[in-house]
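Since the structure comes first, as structure tokens, the remarks are kept for the end.
The values are calculated or read from the model by the stated rules, or taken from the named source; none is laboratory data. Bear in mind the structure is a predicted one, so any value in this text is a computation, not a measurement. Cβ placement follows ideal geometry from the backbone for every residue including glycine, while neighbour counts extend to all protein chains displayed. SASA here: full protein model, heavy atoms, side chains in, ligands and nucleic acids out. Shrake-Rupley method; radii C 1.70, N 1.55, O 1.52, S 1.80 Å.
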2 protein chains.
Amino acid sequence: MKAYREMSKEELSVLKSQLDREFDEAKAKGLKLDMSRGKPSVAQLDMGMDIFDALNSESDMTSREGADVRNYGVLDGLAEAKQMMADIMGTSAENVIVYGNASLNVMYDAVSSSMTHGVMGSTPWCKLDKVKFLCPAPGYDRHFAITEFFGIEMITVPMTPQGPDMDMVEKLVSEDESIKGIWCVPKYSNPQGYTYSDETVRRFAALKPAAKDFRIYWDNAYAVHHLYEDRQDQLLEILSECEKAGNPDMVYEFCSTSKISFSGAGVAAIASSKPNLDCIRKAMTIQTIGYDKINQLRHVRYFKDFNGIREHMKKHAALMRPKFEAVLSVLDRELSGAGVGTWTKPNGGYFISFEAMEGCAKAIVAKCREAGVVLTSAGATYPYGIDPRDSNIRIAPSFPTPEEMAMATDLFVLCVKLVSVEKLLAC
Amino acid sequence: MKAYREMSKEELSVLKSQLDREFDEAKAKGLKLDMSRGKPSVAQLDMGMDIFDALNSESDMTSREGADVRNYGVLDGLAEAKQMMADIMGTSAENVIVYGNASLNVMYDAVSSSMTHGVMGSTPWCKLDKVKFLCPAPGYDRHFAITEFFGIEMITVPMTPQGPDMDMVEKLVSEDESIKGIWCVPKYSNPQGYTYSDETVRRFAALKPAAKDFRIYWDNAYAVHHLYEDRQDQLLEILSECEKAGNPDMVYEFCSTSKISFSGAGVAAIASSKPNLDCIRKAMTIQTIGYDKINQLRHVRYFKDFNGIREHMKKHAALMRPKFEAVLSVLDRELSGAGVGTWTKPNGGYFISFEAMEGCAKAIVAKCREAGVVLTSAGATYPYGIDPRDSNIRIAPSFPTPEEMAMATDLFVLCVKLVSVEKLLAC
């Protein structure tokens with residue numbers, strides 16, 4: 001394929017007429033497809049239905065340590081649920097507290113309680129003039145929404161295939177005491193599907209933050225969400241790395257089964273050092289009478305052990321892989337060599353990230369919507385919803401079928417071409 | 001029975017020797033009974049086990065409005081769950097948001113978000129020099145724990161059988177702009193089992209608070225928790241009363257099914273005005289990806305409608321009544337006329353409140369513990385855990401069997417007598 005940039009204005013005009021016709025035809029099809037969010041498909045949800053047989057009689061209701069899971073008590077999670085979540089994160093059960101269904105809520109609470117009560121005895125952030133967070137971007141819009149909601153200033157850090165730009169992270173964190181945290185999706189990152197390299201993880205663990213209450217918000221959302229049996233990213237375990245580097249209290253790790261069991265009714269957890277967890281437990285005694293232990297035990301009884309989770313996630317991969325491949329094959333076929341965009345080819349996670357020509361993302365997303373395909377809003381992957389280059393687009397293949405994903409991507413590449421041609425013609 | 005106060009020192013000494021002997025005998029029995037918390041019994045939890053058959057196949061998983069309850073979406077609760085919780089509170093579904101399992105967490109979040117973001121646009125409380133709450137007492141220790149945790153100054157308001165001392169509430173609230181809330185358990189109050197009179201509710205609704213962001217925290221925890229068929233307290237519906245009085249936004253009402261279905265795995269809700277709920281919904285979009293809708297739907301399918309809840313609560317009453325009666329019959333038999341304490345005889349709820357002679361509560365609780373019966377710590381029913389008269393003791397009959405409750409109360413009255421005699425001898 002000839003690169004668009006090498007085409008003459010005439011060639012571009014001819015191409016544009018042709019693409020306009022194709023777009024009108026596509027629009028006439030009346031598509032209605034949504035690839036805006038990392039939402040599990042119905043087939044994926046159906047996969048886990050036997051979980052409801054795992055726990056339903058009186059005799060099932062006792063935890064390993066003898067608690068009646070229907071009653072009050074066991075504030076920080078069942079021992080067996082801690083073990084399950086620890087296995088997912090690659091840490092040990094003593095480092096874990098188990099919550100309700102949403103890890104986002106756990107992250108929100110971590111920020112919220114830092115605002116009102118500080119971190120392990122530090123000054124509450126609401127008493128400080130300025131609090132800042134580092135935000136590797138493109139990243140997860142709901143992370144950025146939390147810090148924005150609390151009036152925390154967000155500083156964008158560029159992402160690379162090895163993780164955030166660590167030179168910048170190290171410099172900023174060591175110089176500025178008002179920087180209290182950094183948002184990370186270290187494995188199969190949202191939206192690029194990158195996994196932080198060992199060197200990146202070690203540099204994280206060895207940070208020398210100016211702020212004693214600086215914490216790494218390590219959202220390990222896709223820890224076991226591989227797409228392939230033979231190509232799986234490995235992430236170095238952050239808690240032990242931090243401990244080795246003399247920073248045992250520097251990280252809060254989050255995970256959930258939202259994309260393992262049910263996105264609305266899974267189990268979430270935090271992993272951290274004992275001093276951090278003790279501080280959290282102290283607040284928990286005030287905050288709640290406890291989380292849903294029936295659902296915790298239901299999960300453990302159903303998955304049995306980490307091997308059970310791995311087996312389940314193979315089925316998960318078998319559902320997701322064709323969707324990713326459908327997208328990638330259309331992108332390869334239609335855009336290779338055109339020079340109008342690059343895209344990631346992740347080994348896991350829930351997203352493919354597309355980098356359009358500068359200044360084109362918003363127009364592409366709008367064009368897609370015009371013809372019935374909904375994408376994540378352009379800019380959503382950057383702090384404050386503003387992508388300074390207006391080029392990143394997040395593609396979420398999880399919900400539609402592979403056939404629908406192919407159709408949606410056909411339209412997507414058409415819109416990419418059209419908007420790119422218009423951009424080049426306007427230069 | 002002769003009143004202890006009318007006994008001579010000699011009579012008291014004889015009585016004390018006898019009571020000491022009885023105590024030693026009781027202690028030798030090695031009792032191990034817990035009536036410290038309002039924890040459901042195993043029989044009560046067993047009562048609701050069919051709920052796990054209510055929802056377990058793919059075809060069950062669609063809500064009335066067509067949502068797949070296993071997936072993301074429907075942030076503020078299923079329509080049918082809103083209806084169920086609205087029926088419990090006696091309000092309408094549009095006034096309700098449904099949460100996870102713990103209403104305590106909803107209350108905590110209400111205070112926490114007022115600290116960080118204010119109330120409907122008011123100055124965040126963390127930016128104010130002083131924030132105060134009124135605390136009708138004796139009251140619920142976990143309410144007081146939340147406000148204490150946030151450094152909110154608590155002002156004790158005396159309780160009466162008609163509710164809090166409303167002269168004091170009206171005066172304080174209208175004069176002091178730093179008073180931002182009041183904790184209420186308006187029906188079958190914790191620990192006295194009092195239900196606010198219609199006049200009290202109307203005076204609440206007609207408050208003229210100096211603070212625009214003053215809210216009544218109306219914890220309707222025992223809305224349907226009657227003990228008798230023929231003696232049931234009625235509580236005036238607060239939201240409509242507030243609206244009539246021109247104060248539509250002044251109340252947050254809380255409730256849960258913790259003591260209807262399962263104390264660890266029920267459904268909680270808030271009821272309030274649309275402007276309040278809109279404000280809460282706005283924060284929810286940041287705070288969470290949504291609560292467990294499978295559990296919400298499971299509850300609705302199991303209870304079917306409000307009639308189903310009422311029928312269930314008749315069985316609940318049949319379990320609780322003998323426990324309450326066991327306590328009351330021992331108290332009546334052993335303490336009537338002795339003048340060493342008074343106690344409440346509630347028509348519902350989870351507690352009996354005992355008022356010992358001034359300065360005796362701590363000693364009675366300690367004495368009971370010495371012989372193997374655990375009561376709620378003396379003082380717990382007052383802000384900061386300090387009962388200025390050291391006289392209130394909360395009795396929680398829900399967990400033990402009626403026979404165990406009778407045994408525990410036998411010991412309790414013995415300790416009351418003993419401590420009272422010692423007190424009178426020391427005068």
Fill in the blank from the handout: Amide H contacts under 5 Å for B:Ser258, restricted to residues at least 5 apart in sequence or on another chain and with H modeled in the peptide plane, are B:Val267
Exercise for the section: With only Lys, Arg, Asp and Glu charged, each at its Cβ (+1 for the first two, -1 for the last two), find how big the charge dipole of region B:259-406 is about the Cα centre; round to the nearest 20 debye. Expected result: 800
Exercise for the section: Counting only heavy atoms of the protein chains, get the accessible area per residue of chain A (1.4 Å probe) and round it to a whole Å² value. Expected result: 37
Practice task
Apply the Karplus parameterisation 6.51 cos²θ - 1.76 cosθ + 1.60, with θ equal to phi minus 60°, to every residue of region B:214-225 and state each ³J(HN,Hα) to the nearest whole Hz, in sequence, with x for glycine and proline.
Solution key: 6, 10, 7, 8, 9, 8, 7, 6, 10, 4, 10, 9
Problem - Between region B:14-51 and region A:223-242, the Cα center-to-center distance that results, in Å - result: 52
Completion exercise
For region A:194-290 the mean separation of alpha carbon contacts under 8 Å (6+ apart) over residue count, i.e. relative contact order in percent, is 26
Handout entry: Distance from region A:314-332 to region B:373-427 (C-alpha centre basis), Å
Key = 66
Fill in the blank from the handout: So for region B:342-419, using the alpha carbon gyration tensor with a ≥ b ≥ c as root eigenvalues (a/c under 1.5 gives rounded; past that, a/b versus b/c decides prolate or oblate), I'd call it oblate
Exercise for the section: Run the numbers on region A:236-380 and let me know its relative contact order in percent, using alpha-carbon pairs under 8 Å that are six or more apart. Expected result: 11
Exercise for the section: Sort shortest first the distances from A:Lys314 to its counterpart in every other copy, using label points 7 Å along the Cα-to-beta-carbon line, and give them in nm. Expected result: 5.4
Exercise for the section: Just need the relative contact order of chain A here, percent rounded to a whole number, with Cα pairs under 8 Å and 6+ apart. Expected result: 26
Handout entry: Accessible area buried between chains A and B, both sides summed, probe 1.4 Å, in Å² to nearest 100
Key = 4700
Handout entry: With Cα atoms, 0 to 90° folded angle of helix B:103-117 axis to chain B main axis
Key = 60
Exercise for the section: Would you work out what percent of the accessible area of chain B, with all protein chains in place, is carbon or sulfur (probe 1.4 Å)? Expected result: 50
Problem - Structure-based [θ]222 nm, chain A - -39500 (n - 2.57) summed over DSSP H runs of at least 4, per residue, nearest 500 - result: -13000 deg cm²/dmol
Handout entry: When each of A:Lys130/B:Lys82; A:Lys314/B:Lys282; A:Lys82/B:Lys127; B:Lys132/B:Lys282; B:Lys315/B:Lys345; A:Lys39/B:Lys82 is checked by Cα-Cα distance, pairs over 30 Å
Key = A:Lys130/B:Lys82; A:Lys314/B:Lys282; A:Lys82/B:Lys127
Exercise for the section: Any of B:Lys187/B:Lys208; B:Lys27/B:Lys362; A:Lys208/A:Lys259 with alpha carbons more than 26 Å apart? Name them for me. Expected result: A:Lys208/A:Lys259
Completion exercise
Descending packing, highest mean Cβ count within 10 Å first, for B:192-202, A:213-223 is A:213-223, B:192-202
Exercise for the section: Run the dipole for the protein assembly as shown about the Cα centre, Lys and Arg Cβ at +1, Asp and Glu Cβ at -1, nothing else charged, and hand back the magnitude in debye, nearest 20. Expected result: 240
Exercise for the section: State to the nearest 20 debye the size of the charge dipole of region A:131-280 about its Cα centre, where the only charges are +1 on K and R beta carbons and -1 on D and E beta carbons. Expected result: 200
Completion exercise
In region B:112-136, accessible area falls by at least 50 Å² from chain alone to full assembly (1.4 Å probe) for B:Thr116, B:His117, B:Cys126
Problem - Gyration tensor verdict on region A:227-291 (Cα atoms; rounded if a/c is under 1.5, prolate if a/b is larger than b/c, oblate otherwise) - result: oblate
Problem - Dipole of chain B, positive direction: furthest Cα of B:Gly372, B:Ala102, B:Phe262, with charges on the beta-carbon - result: B:Gly372
Completion exercise
Per the C-alpha gyration tensor (a ≥ b ≥ c, the square roots of its eigenvalues), chain B is rounded if a/c is under 1.5, else prolate if a/b beats b/c, else oblate; here it's oblate
Exercise for the section: Just order A:308-321, A:258-271, A:105-118 by mean Cβ neighbour count inside 10 Å, highest at the front, would you? Expected result: A:258-271, A:105-118, A:308-321
Practice task
Could you please state, rounded to a whole Å, how far the C-alpha centre of region B:124-165 is from the C-alpha centre of region A:168-207?
Solution key: 42
